[in-house]
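Engineer: Shown below is the structure under consideration.
The values are calculated or read from the model by the stated rules, or taken from the named source; none is laboratory data. This structure is a prediction, so every number in the text was calculated from the model and none was measured. Virtual Cβ from ideal backbone geometry, glycine too; neighbours counted across all protein chains shown. Surface accessibility is based on the protein's heavy atoms, side chains included, excluding ligands, DNA and RNA. Shrake-Rupley method; radii C 1.70, N 1.55, O 1.52, S 1.80 Å.
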Amino acid sequence: MARPSDLRFRATTAVQRYLANPLMRRLPFHTLLETTGRVSGLPRRTPLGGRRIGDTFWLVSEFGERSQYVRNIQADPRVRVRVGGRWHAGTAHLMPQDDPVARLRTLPRGNSAAVRALGTGLLTVRVDLDAER
C-alpha cells in the first residue's frame, strides 16, 4: 500500500502538471522558474511562488529533491526567473541547511500556505541573480 505522502505527491503533481501549471504559465505576471531539462536539454518553465530580495530570489520546493525543477537544478544550476513580467538570469543553490518553514513566513502568503499544506519534503532554493546590464 502506498504511503500517504506518496499519494499526496502523485495527486498534487498530476493536478499541477496537467491543470494548474499550463494555465499559470500563460499569465503574463505570474512568477516562473526556467530550468534546462536534465534529459532533453530543453527549457522547462515552472510557475511558483517566491520573493525577490535585492539580487536574490527565494523559493521553497514543496517536494524537495523529488520536484522535477530541483532535479534539473542539480544537473544545471543556471536558471532564469520571471518576476513582475521581466526575466532575470541567475544561478540556483539548494539550501538543505535553511529552515524552509521559517523561509515560507517571508514569502507570499497564498503560495506559502499551499506549499505548507501539500508539501512533504520542503527544501529552500536560493537564486543568485546576475547583475543587470
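Engineer: Report, by residue number, each residue of the range 90-120 that is modelled with pLDDT of 90 or more, of a type in the set (Gly, Ala, Ser) and surrounded by 13 or more Cβ atoms within 10 Å (Cβ to Cβ).
Structural biologist: GLY90, ALA92
Engineer: Could you tell me whether any residue of the range 30-52 is farther than 20 Å from ILE73 by Cα and either modelled with pLDDT under 70 or open to solvent by 90 Å² or more (accessible area, probe 1.4 Å) (or both)?
Structural biologist: The answer is no; no qualifying residue exists.
Engineer: A further question on this structure: How many residues, within the range 121-133, are closer than 24 Å to PHE9 by Cβ and either exposed (fewer than 15 other Cβ atoms within 10 Å of the Cβ) or of a type in the set (D, E, K, R) (or both)?
Structural biologist: Counting residues in the range 121-133 that are closer than 24 Å to PHE9 by Cβ and either exposed (fewer than 15 other Cβ atoms within 10 Å of the Cβ) or of a type in the set (D, E, K, R) (or both) gives 1.
Engineer: Okay, next question. State all residues of the range 34-55 that are closer than 16 Å to ALA113 by Cβ and part of a loop (DSSP other than H, G, I, E, B); if no residue qualifies, say none.
Structural biologist: LEU48, GLY49, GLY50
Engineer: Please verify whether ARG8 is more than 26 Å from ASP130 (Cα to Cα) and modelled with pLDDT under 80, treating the condition exactly as stated.
Structural biologist: Taking the combined requirement at face value, the residue satisfies it.
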